[in-house]
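Report on the following structure.
The values are calculated or read from the model by the stated rules, or taken from the named source; none is laboratory data. No experiment lies behind these values; they were computed from the predicted model shown. Positions of Cβ are backbone-derived with ideal geometry, glycine not excepted, and every protein chain shown enters the neighbour counts. Surface areas here come from the heavy atoms of the whole protein model, side chains and all, with no ligands, DNA or RNA. Shrake-Rupley method; radii C 1.70, N 1.55, O 1.52, S 1.80 Å.
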Amino acid sequence: MMLTVDQARTRILDAVSRMPAKKCGIVDSLGCILAQSVYAGENIPPFDNSAMDGYALIASDVETSSDENPVTLDVIETIPAGYAPVKQVKNGQATRIMTGAMMPGGADSVVMVEKTEAKEGGVDIFDSAAKAQNVRFVGESVKTGDLVMSAGKVIRPQEIAMLASLNISEIDIYQRPKVAVVSTGDELTPLGGELKPGKIRDSNRYGICAQLIEAGFEVIDKGICGDDVAELERTLRSALGQADVLITSGGVSVGDYDVVKIVLEKLGDINFWRVAMKPGKPQAFGIADGKPIFGLPGNPVSSLTVFELFVRPALFKMAGYTKLLRPTFKAVLETDIKNDTNRVNFMRAIIEKHNGRYHAKITGDQGSGILYSLVLANGLITIPVNQTIHAGETVDAQFFGDAF
Ligand code: AMP
Ligand code: MG
């Protein structure tokens, strides 16, 4: 039996669960999901301050000020940012004030420096001022006791800056899974090694590690393992001991040496699936010692695509995310594309916006071993089973990876 893409993904997502929470320094929490509520313990800003370089004054003193008839005020003090004023502003007086500096008592408005001219002992003010103009009030951004963030929020740079402004250096976040990666196959040669007859380079492990890093997960690179039951069992057990999730590459299709299958079945409750998709039909998924194991197919495009469509969402669920899938959108096809198979076709495409609409162009040969088709692409388009989509018609599309 073949599973549809949705059936396979649902089974995977149902089988994995969110990791426990832990304390984390705020900068290290980038990309993590908040596991607590955050309340403000302080006002932001902590005091009334000036939004401009200028003069703090009493608005009613400069009611009649204009370019032609400036009002002249005595300047009693200069307040740089970071210092508290010592003098009270009275009628007829002003304080020179910098952006972010604390408002002096008595003043209720700030006139920007561009509308003034300093002179011996005082200042000419060339504009009238409204009360509260150019003043940032204590707590106007956030008040003590306010709920600032709720559990479930993704921590982005702006959340980290906000936490810092609230004097919070550590927060509870959901742990992100550590992921071990193993490439399997007697044909695989590490980089730098001599390529003997019949051998190829191990590219999948590098691709998978990079996909993990791009998505913000910690990688445990377990290297290459040959098609040998004892060696593979040792490697996979060691990987499971170190990681929260195990990803293997290769050896899950029919016709393989059954080595990966034999070992994965020994480790836990692993299912070998055929998923109605192209590339990426053969896949393994299951749980061992409570830890998810993904057996990715060996073909390079299949490996990268299955990671993107199945593994990444599952890892995001474990990290506490609720939005798991990349957004899809419609793109107009440039040429006719026929899918006369019973497998959904994920084709590599260049997706570009012209005149407000996305257009998709296929990147040449779509074989699941043709990694270059993905190098040329920035997205995937979906051609449903047994359908021909004609040029000018639309298909579902999504970007592949974070940078496009
Ligand atoms: P398998 O899934 O092991 O049957 O492999 C399918 C195809 O992918 C074969 O042509 C393998 O040589 C190739 N392949 C398997 N593992 C890797 C890898 N780590 N890097 C590049 N190609 C691979
Ligand atoms: Mg193999």
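For this structure, a couple of remarks:
- When the Cα gyration tensor is reduced to axis lengths a ≥ b ≥ c, the ratio a/c is 1.5 or higher for the stretch 260-356, and with a/b not above b/c it is classed as oblate.
- Across the stretch 1-140, C-alpha contacts under 8 Å between residues 6 or more apart give a mean separation that, scaled by the residue count, equals a relative contact order of 30 percent.
- Taking θ as phi - 60° and the Karplus parameters 6.51, -1.76 and 1.60, the scalar couplings of the stretch 338-351 work out to 10, 10, 9, 10, 9, 10, 4, 9, 9, 9, 6, 9, 9, 10 Hz in sequence order, x denoting glycine and proline.
- Built amide H within the under 5 Å cut-off of Phe294, gap 5+: Leu246, Ile247, Thr248
- For the stretch 357-404, the relative contact order comes to 32 percent (Cα pairs under 8 Å, sequence separation of at least 6).
- Alpha-carbon centroids, the stretch 1-68 and the stretch 348-404: separation in whole Å: 35
- Expressed as a whole percent, the accessible surface of the chain that belongs to carbon and sulfur atoms is 50, based on a 1.4 Å probe.
- Integer Hz, Karplus 6.51/-1.76/1.60 couplings in order for the stretch 310-322, x for Gly and Pro: 10, 6, 4, x, 5, 5, 5, 4, 4, 7, x, 5, 10
- Accessible area (Å², 1.4 Å probe, nearest 10) - Glu194: 130
- For the stretch 191-230, accessible area per residue (1.4 Å probe, heavy atoms of protein chains only), Å²: 54
- Pairwise label distance in nanometres, Ala132 with Lys361, each label 7 Å out on the Cα-Cβ vector: 5.6
- Assuming charge only on the beta carbon of Lys and Arg (+1) and of Asp and Glu (-1), the dipole of the stretch 1-129 about its Cα centre is about 1240 debye to the nearest 20.
- Stretch gain in nm, segment Thr189-Val27, where the contour uses 0.36 nm per residue and the Cα spacing is subtracted: 54.5 nm
- Convex hull volume per residue for the stretch 17-112, taking Cα atoms only, in Å³: 160
- For the stretch 120-134, putting each phi into the Karplus relation 6.51 cos²θ - 1.76 cosθ + 1.60 with θ = phi - 60° gives couplings of 2, x, x, 8, 8, 10, 9, 9, 6, 9, 7, 4, 6, 5, 6 Hz, in residue order, rounded to whole numbers and with x for Gly and Pro.
- Candidates Gly356, Gly250, Gly379: whichever shows maximal mean-square fluctuation once the chain is modelled as a Gaussian network with Cα springs under 10 Å: Gly356
- The 1.4 Å probe gives accessible areas that order His359, His390, largest first, as His390, His359.
- Listed residues Leu333, Leu57, Leu166, most fluctuating in the chain (Gaussian network, C-alpha, under 10 Å): Leu57
- Against the chain, whose longest principal axis comes from its Cα atoms, helix 204-214 is set at around 20 degrees.
- Between Thr189 and Ile200, Arg201, Asp202, the built amide H atoms are under 5 Å apart, and every one of these is 5 or more places off in sequence or on another chain.
- Rolling a 1.4 Å probe across the protein heavy atoms gives the stretch 254-360 an accessible surface of 43 Å² per residue.
- Potential lengthening of the chain between Asp269 and Ile200 amounts to 21.7 nm, from the contour at 0.36 nm per residue minus the alpha-carbon distance.
- Here the dipole of the chain is about 1600 debye; that uses its Cα centre as origin and unit charges on the Cβ of Lys and Arg (positive) and Asp and Glu (negative).
- Alpha-carbon centroid distance for the pair the stretch 232-282 / the stretch 75-147, whole angstrom: 68
- Linear extension gain, Ser17 paired with Asp124, 0.36 nm per residue minus alpha-carbon span: 31.8 nm
- The chain: relative contact order as a whole-number percent, Cα under 8 Å and 6+ apart: 16
- Each of Ala51 and Thr144 was given a label point 7 Å from its Cα along the Cα-to-Cβ line. The distance between the two points is 2.5 nm.
- Cα-based helix-to-principal-axis angle, 229-242 vs the chain, degrees rounded to 10: 20
- Highest-fluctuation residue, Val263, Val275, Val71 considered, GNM on the chain with Cα pairs under 10 Å: Val71
- Across all directions, the average flat footprint of the convex hull enclosing the Cα atoms of the stretch 130-234 is 12.3 nm².
- Heavy atoms of Met162: accessible area, 1.4 Å probe, square angstrom to 10: 50
- Where Leu371, Leu30 fall by accessible area, highest first, once all protein chains stay in place (1.4 Å): Leu30, Leu371
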